[in-house]
Amino acid sequence: MTEQFIVKDCWYVAGLSDDFPAEKLTGHVIAERPIVMWRTKDGDIVAYDDRCSHKRFPLSKGRLMPDGTLECAYHGMRYDMSGKCVMIPSHPTGPISPQAQVRPFPVIEQDGLVWIWPGNPERSETSKPPRVPEVGDSTWKTVRVGPMDVSANYLLLIENLLDITHFYPLHDGNIGDIANSRIPIELEEGECDGNKYVMTIRKTSNYVQPPYLVDWFHFDTVDRHHTHCLMSPGLTRVVMRNAPPGELKEREGDREFPGSMEVDGIERGYVLIHTHTPVDSRRHIWRVLVNCPAQHMSKGDPGKPTATRVAEMFPEVAAEDLWAVAEQQKMFEYPDEGYSEVFLKPDLALRRARKIFHDLHAAEVSAVGAQAAAE
Ligand code: FES
Ligand SMILES: [Fe+2]
């Protein structure tokens, strides 16, 4: 059986900033860790082990006290924001054991997203969460889809995103478009903020758009750049830019903030942010943020932002992907004996993505080994 794994030493999205109103406790499972999170009165996000150090009762089922401590709902032990127990109701004057504390997790809030590092905190400086500046930028319209609970290892969904040759037949009838599958693929690889990335680039000219793309982007025939970039195990960025033939500007760096994706200045397009947060090796949470320039309206309904239009279409398409990856996942239960996967030419990016995951996993395992040897 091919072993599936998750990378724990990595930044993952725990939610959008809006998912964390002040003083509301939420329970999460991220990379096999139960985690309680909340936003303090001062606006900071706190995250620590959701298991009370006394008898494992989930702290997310407790309550926040006026002094900002978290009270366990079972026997009432209270924890401060660092996860240290500061009060035990059954012996209020006695000493508190240093063991009475729960492990905190590093958190970074940026670009409207809350990121958490569920692995070894000492390695959290090795990378930074990828930036998504268009989210929350007022010149852009952002519409969220999800969170979706996916019954599959997150790498299966990432492979699905990097490989659009599945548009036909999996998405036949909505975004299915066999011509897409035949566009030659260029690959770009590199490193940004400590994250290895792999990006597929599909450039095409005089492309006759299917009706849904005409509705989103207005032009019947376009020159188009379409990129899919695995920025880190936690985030994949998809950029589509198109313009009438001969009018699409060459630009480096579609994996970076595009700034203006002009509308009346002609070019139109979108940035899709997909976040992948593993629950365990067979399940993950998928969030999508659809971003278009704020003034970009759909052709079929000029009163409706294109970002909204794209997001409306998403659930039906996503349902097909969810079905596919869950079916694949079931097949991992059988031993490989006599079975091996075939790799086609467009699978190159997927192989590189797997290598990024394997290298990160290997580095994490060797760091655990080195730590064990030192102890
Ligand atoms: S389990 Fe939390 S105080 Fe006992
Ligand atoms: Fe798909």
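The values are calculated or read from the model by the stated rules, or taken from the named source; none is laboratory data. It should be emphasised that the depicted structure is a prediction, and the values quoted were computed from it without experimental measurement. As a convention, Cβ positions derive from the backbone with ideal geometry for all residues, glycine included, and neighbour counts pool all protein chains shown.
Does Gly173 qualify as being more than 16 Å from ligand 1 (Cβ to nearest atom) and touching a strand residue (DSSP E or B) at 6+ places or on another chain (Cβ under 9 Å)? Answer is no for this residue. Taking the criterion of being away from ligand 2 (no atom under 12 Å from the Cβ), under 16 Å from Ala353 (Cα atoms) and part of a loop (DSSP other than H, G, I, E, B), the only residue of the range 149-163 that qualifies is Asn153. Just to be sure before I move on: is Thr142 closer than 18 Å to Arg287 by Cβ, of a type in the set (Ser, Thr, Tyr) and in a strand (DSSP E or B) in the structure I sent? Yes, satisfied. Under 21 Å from Asn174 (Cβ atoms), touching a Gly at 6+ places or on another chain (Cβ under 8 Å) and either in a loop (DSSP other than H, G, I, E, B) or at pLDDT 95 or above (or both) - does that describe any residue in the range 265-287? Yes, there is a match, as at least one residue in the range 265-287 is under 21 Å from Asn174 (Cβ atoms), touching a Gly at 6+ places or on another chain (Cβ under 8 Å) and either in a loop (DSSP other than H, G, I, E, B) or at pLDDT 95 or above (or both). Suppose we filter Val132, Val143 for residues that are in contact with a Ser or Thr (Cβ under 8 Å, 6 or more places away or on another chain) and at negative phi; which single one remains? Criteria check complete, one pass: Val143. Quick one: in the range 57-78, of everything that is among the small types (Gly, Ala, Ser) and part of a loop (DSSP other than H, G, I, E, B), which residue is farthest from ligand 1 (Cβ to nearest atom)? Going through the qualifying residues, I end up with Gly68.
Every residue in the range 137-166 that is over 20 Å from Gln4 (Cα atoms) and either aromatic (Phe, Trp, Tyr) or touching an Asp or Glu at 6+ places or on another chain (Cβ under 6 Å) (or both), please. Residue satisfying the conditions is Trp140 alone.
When the range 79-90 is limited to residues that are crowded, with 19+ Cβ neighbours inside 10 Å and not in a loop (DSSP other than H, G, I, E, B), the one that is nearest to ligand 2 (Cβ to nearest atom) turns out to be Tyr79.
Residue by residue, here is whether (1) more than 30 Å from Pro211 (Cα to Cα); (2) of a type outside the set (Gly, Ala, Ser) holds:
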| site | (1), (2) |
| --- | --- |
| Pro315 | no, yes |
| Gln328 | yes, yes |
| Ser340 | yes, no |
| Pro346 | no, yes |
| Arg351 | yes, yes |
| His358 | yes, yes |
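Out of the residues in the range 32-42 that are outside any strand (DSSP E or B) and either among the basic types (Lys, Arg) or out of contact with any Asp or Glu (no Cβ under 8 Å at 6 or more places or on another chain) (or both), which is surrounded by the fewest Cβ atoms within 10 Å (Cβ to Cβ)? Going through the qualifying residues, I end up with Asp42. Taken together, the residues in the range 51-78 that are surrounded by 17 or more Cβ atoms within 10 Å (Cβ to Cβ) and either at pLDDT below 95 or among the acidic types (Asp, Glu) (or both) amount to 1. Among the residues of the range 296-303, are any part of a strand (DSSP E or B) and away from ligand 2 (no atom under 13 Å from the Cβ)? Yes, the conditions are met somewhere in the range 296-303.
Return a yes/no flag: does the range 105-125 have any residue that is part of a loop (DSSP other than H, G, I, E, B), under 30 Å from Gly146 (Cβ atoms), in contact with a strand residue (DSSP E or B) (Cβ under 7 Å, 6 or more places away or on another chain) and within 14 Å of ligand 1 (Cβ to nearest atom). No, the range 105-125 has no match at all. All conditions in (1) under 18 Å from Thr142 (Cα atoms); (2) away from ligand 2 (no atom under 16 Å from the Cβ); (3) not in a helix (DSSP H, G or I) hold for Ala307, with the sole exception of (3). Just checking, does the range 164-187 include any residue being part of a strand (DSSP E or B) and crowded, with 16+ Cβ neighbours inside 10 Å? Among the residues of the range 164-187, at least one is part of a strand (DSSP E or B) and crowded, with 16+ Cβ neighbours inside 10 Å, which makes the answer yes.
Step by step: first the residues of the range 196-241, then only those that are small (Gly, Ala, Ser) and more than 19 Å from Ile178 (Cα to Cα), then the one that is surrounded by the fewest Cβ atoms within 10 Å (Cβ to Cβ). Which residue is that? Per the stated criteria, the residue is Gly234. Scanning the range 306-321 for residues that are surrounded by fewer than 20 Cβ atoms within 10 Å (Cβ to Cβ) and under 21 Å from Glu262 (Cβ atoms) turns up just one, Thr308. Of all residue pairs spaced 6 or more apart or on separate chains, those with beta-carbon atoms under 9 Å, a first member in the range 316-340 that is over 15 Å from Phe167 (Cβ atoms) and touching a residue at least 40 places away in the same chain (Cβ under 8 Å) and a second member that is buried (at least 17 other Cβ atoms within 10 Å of the Cβ) and aromatic (Phe, Trp, Tyr) are Leu322/Trp286.
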